[in-house]
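Below you'll find the structure, written out as C-alpha cells, and then a few comments.
The values are calculated or read from the model by the stated rules, or taken from the named source; none is laboratory data. Just so it is clear, the model here is predicted, and its values are computed rather than measured. When we count neighbours, we look across all protein chains shown, and the Cβ atoms used for this are built from the backbone with ideal geometry, even at glycine.
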Amino acid sequence: MEIRRFKLKITSYERIPVLDHGYVELIESWGSDERIIEAARMSTDKGFLGWGPKYVCDKCRVEGVEGLETCIEGSCLGTVKRVEGDEKLLKYLYEHKHATPFEMAGAVFEIQAPIMVFREWHRHRTQSYSELSARYTSLPNVNYVPTVERLMLNSKTNKQAGTIKGADELTEEGARAYIWDLECEYKDQEEFYQRSLKMGVPKELARVHIGVGRYSRMRAQANLRNWLAFLTLRMAPDAQWEIRQYANIVGEQLSKLYPRTWELFSSGRSK
C-alpha cells in the first residue's frame, strides 16, 4: 500500500490589502480535498480513489468514454454507465456533518487589522493566535479611519449596526467632520504615547489610553472545519462590516486551496 507523506504547503502569497492599512497574508496551509477523503476512509483502508464522474463498463469494468453507451473493449459489448467519484463522498460528509475529516486540513494567516476587529475575531476560540504585544515593542502609528461611505452605512434592522436612540441623522458633512475629529484624536493619542515612552513610562502602561482603532498584527491558525465555522458567522450580512472584509479575503484564499469543499460550503450558505 502506498504511504502518503504529510506535507505543509509553504506559500509565497502576497499581502492582500484590507481597509485603509490592513492586510491578510496566507502563511502556510496543509491538507487538500483529497486528504479529507483519505481521512474519511481510514476505517476501510481504501484511501482516495479519484474524482469523477467516470464512465465504466458494467461487465469488464474498463473505463469508457463519455457519450458511449456500449463498451468497445474487444468483444465485451457491455453497457457503459456513469459512476460518481469521490466528490460524492465529500458531499455526503459535508452535508451530513461528518466534520472530523475536515479537521485534517487547515491554514495559517497573518492579519493586520484594527484592535476592534481582533476583539471580535478572538471570540472564535477554536483558532490559535499570536499577536503583536505592546508590552515588548512600541505600537506602530497606524490607525483605522473609516470612509465617508462607511460612516453613512446604517441598518434599521441590525441593532448592532444602528445608532443610539434619539441620535441625529448623519449627513455627509457630519461624516467628514467626524473623520477630521477622529484623525485629530489619533494624533493626540500618538503624541501622548511617544511622550510617555520618552518619560520612562513602561511600554505596558504607556499604551493604556490607546483606542481600538489602532492597528495590530497577529497570526491565526485553524483547521478547515473551524475556518468554515468562522466564515459562516463573519461573512454573514449581520456581522460588522470591517470584519466581513477580512473574512471575505480569508474565504477567497481557502476557496483556492480546497475548491471542492469550498463549493459545498458556498452552496450551503446560499440555501
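Would you check if Arg15 is over 19 Å from the mean Cα position of the chain (by Cα), surrounded by 13 or more Cβ atoms within 10 Å (Cβ to Cβ) and at pLDDT 90 or above?
When the stated conditions are applied, Arg15 does not pass them.
Filter segment 25-57 for residues that are of a type in the set (Asp, Glu) and at pLDDT 90 or above; which is nearest to the chain's Cα centre (by Cα)? Give the steps one after another, and end with the answer.
Start the filter on segment 25-57 by keeping residues that are of a type in the set (Asp, Glu), which leaves 25, 28, 33-34, 38, 45.
Still in the running and at pLDDT 90 or above: 25, 28, 33-34, 38.
Details: Glu25: 11, Glu28: 13, Asp33: 16, Glu34: 20, Glu38: 24 Å.
Here the answer is Glu25.
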Could you give me the residue pairs with C-beta distances under 7 Å whose first residue belongs to segment 1-28 and is within 11 Å of Val108 (Cα to Cα) and aliphatic (A, V, I, L, M), whose second residue is at pLDDT below 55 and surrounded by 15 or more Cβ atoms within 10 Å (Cβ to Cβ) wherever it lies, and which are 6+ apart or on separate chains? Leu26/Thr11; Ile27/Thr11
Residues of segment 243-259 being buried (at least 19 other Cβ atoms within 10 Å of the Cβ) and over 11 Å from the mean Cα position of the chain (by Cα), which ones? Leu257, Tyr258
Please tell me if Tyr246 is in the same structural domain as Val24 (by TED's automatic domain parsing), within 29 Å of Ile27 (Cα to Cα), among the hydroxyl-bearing types (Ser, Thr, Tyr) and not in a strand (DSSP E or B). yes
Within segment 164-220, residues among the basic types (Lys, Arg), surrounded by 14 or more Cβ atoms within 10 Å (Cβ to Cβ) and within 27 Å of Pro17 (Cβ to Cβ) come out as Arg207, Arg214, Arg217, Arg219
Give me the pairs, please: first residue somewhere in segment 130-144 and aromatic (Phe, Trp, Tyr), second residue anywhere and outside any loop (DSSP other than H, G, I, E, B) and modelled with pLDDT of 95 or more, beta-carbon distance under 7 Å, and either six or more positions apart or on two chains. Tyr144/Pro114; Tyr144/Tyr215
